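Please treat every number below as a calculation from the coordinates, not as lab data. Since the model is a prediction, treat every value here as computed from it, not as a measurement. We place every Cβ from the backbone using ideal geometry, glycine too, and count neighbours over all the protein chains shown.
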Amino acid sequence: MPTTDRVQIFQVSTLYGAATLAAAIDAGRFGAAGEARRLLLVSNNAEIPETALRLDTMTGYERIAARFDEVVDWNEAIHPHHPSSWAPRPEESPLWQRVLRTAWGLGTATVEIVVESIQVNPAKALAAVFAESSVQVYADGLMSYGPTRDELPQSIACRIRRVLHLDLVPGLRPLLLTEYGVGAELVPDDAFRSVLREIAAAAVDDTALAAAAAAEPTALLLGQYLAVLGILTAEEEEELHVRMLRGAAAAGHGSIVFKPHPTAPARYSQALHEEADRAGVTLTVLDGTLLAETFYERCRPDLVVGCFSTALLTAAVYYGVPVARVGTDMVLARLTPYENSNRIPLTVVDHLVPDLESGAEPCVPGAPDSLAPLVRAVGYCMRPTAHPGLRAEVVGYLAEHRDGPVAELHFPQERLAELDLRVPARVQRGASSSPSSGPG
């Protein structure tokens, strides 16, 4: 039986994040089994949680949940409030802690919390409720390579012990929380791959996956739902997926699988079926409760295509599958404000992954020496007050790249003017807007 005088609360909202935690636990990153009671705190952060896919319905969830002594529901605990918007008022935090300690049977145990996205709720709210607890942050995607989204209250920042992250871009170090002196620690690759195999094993009887495998697909398209974020219109996002299919078909793939985002509208699939008919290729739509990584494990495609999904890098790094991108530059150009946290994932994918529509050969990308300076420069321009020590480096970087495509794609003149950074001469001559008119 686990000790009752120490409790670890692991907050999750996605199966991919839960798999990251499971791998860290298996690798001993949270101590030996039995040293603490472990609670899995599940949060559904969808705009309308009642209509969204529940984490506990995802294939493989039960195997992940088995690593914990108990599963509790954050939505239920704070009902009728929404997890993304609710946080206790400062004077209410002690009361909420007493309520949750009673509801979850914590007693007077020392509580440690492990959260994702500490800058926002529900992680920020949980840290406020358990105001004396140490905090550990885990990252389940590419955003960890970018700056902390917002300034944290010192009462939270001083309690953060580390950032656990997957090695999605080998050699690249996260910028997240470094302004607070928080160090990063890798979740071992072999532990994560083992967890992904375990999740895939739970899909052995999945009829949708069996049907997709029977089509002998050689390419997988990763859908994203950028319309709900206001980055693209629904029509533009639909066309983005069609462009992925055209590119895969032109590259010689006759059997293709589309993995839509769980919240994408059904008409996206319809448009792809029509395009598949025109292109003379077989299309299978794999929706429902499966991770894309389960498809990689079962079918091992020859190509994965996406815009800037983390699953692109998972395919390349953990499965050795060649990858290609479509539409990344368009989304970068649309992204506002400049400090939007999707900017770093877009920057990484655009820099590393070949553009399918340009005729570039899909590949398993490595991390060139040019990536880290670019990420630091973009990160500084996103949140300059968090990393003032990077300013001289960024000025030098911009001077070096003033005449290349990097400046045009990643450093809008308006943002550089706002930050009083050296504006590339070719852009300055064409500038007609005031410094305050940009997206920053």
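For region 147-169 versus region 104-122, the spacing of their alpha-carbon centroids is 15 Å.
Taking the centroid of alpha carbons for each part, region 328-370 and region 5-35 are 31 Å apart.
In order along region 29-40, the phi-based Karplus estimate (6.51 cos²θ - 1.76 cosθ + 1.60, θ = phi - 60°) of 3J(HN,Hα) comes to 6, 10, x, 7, 4, x, 6, 8, 7, 10, 10, 9 Hz; Gly and Pro are listed as x. Sequentially through region 353-363, phi angles give Karplus couplings (6.51, -1.76, 1.60; θ = phi - 60°) of 9, x, 7, 4, 6, 8, x, 5, 6, x, 7 Hz, Gly and Pro residues having no value and appearing as x.
Reducing region 193-257 and region 280-312 to their Cα centroids gives an inter-centroid distance of 4 Å. Think of each Lys and Arg Cβ as +1 and each Asp and Glu Cβ as -1; about the Cα centre, that makes the dipole of region 206-358 roughly 180 debye.
For each of TRP74, TRP104, count neighbouring Cβ atoms within 10 Å of the residue's Cβ, then give the residues from fewest to most.
Numbers: TRP74 23, TRP104 17.
Fewest-to-most ranking of TRP74, TRP104: TRP104, TRP74.
Computed from backbone phi with θ = phi - 60° and the Karplus coefficients 6.51, -1.76 and 1.60, the 3J(HN,Hα) list for region 307-321 is 9, 8, 5, 4, 4, 4, 6, 4, 4, 6, 6, 9, 10, x, 8 Hz; x is used for glycine and proline. The residue list LEU177, THR218, ALA201 was ranked by how far each Cα lies along the charge dipole of region 150-286 toward its positive end, using unit charges on Cβ atoms, and LEU177 comes out on top.
Find how much the distance from ALA215 to ALA367 grows on full extension, using 0.36 nm per residue of separation minus their present alpha carbon separation; answer in nm with one decimal. Before the final figure, lay out the partial values.
Numbers: separation 152, 0.36 × 152 = 54.72 nm, distance 3.36 nm.
Result for the pair: 51.4 nm of gain on full extension.
Using only helices, what value at 222 nm comes out for the chain when you add -39,500 (n - 2.57) per DSSP H run of length 4 or more and divide by the total residues, to the nearest 500 deg cm²/dmol?
Numbers: 19 runs with 170 residues, N = 440.
Value at 222 nm, helices only, nearest 500: -11000 deg cm²/dmol.
Where a ≥ b ≥ c are the square roots of the eigenvalues of the C-alpha gyration tensor, would you call region 6-193 rounded, which needs a/c under 1.5, or, failing that, prolate if a/b is larger than b/c, or oblate? Because its axes are fairly even, with a/c under 1.5, region 6-193 counts as rounded. Taking amide H positions as modeled 1.01 Å from N, with prolines and chain starts lacking one, no residue 5 or more places away or on another chain lies under 5 Å from HIS81. Annotation: amide H of SER134 within the under-5 Å range of ILE113, sequence separation 5 or more or interchain, hydrogens built in the peptide plane. Between CYS363 and VAL323, the built amide H atoms are under 5 Å apart, and every one of these is 5 or more places off in sequence or on another chain. Placing +1 on each Lys and Arg Cβ and -1 on each Asp and Glu Cβ, with no other charges, gives the chain a dipole about its Cα centre of roughly 880 debye.
With neighbour counts taken as other beta-carbon atoms within 10 Å, the residues LEU175, LEU168 rank, fewest first, as LEU168, LEU175.
Legend: ranking of residues ILE231, ILE9 from fewest to most surrounding C-beta atoms inside 10 Å; resulting order ILE231, ILE9.
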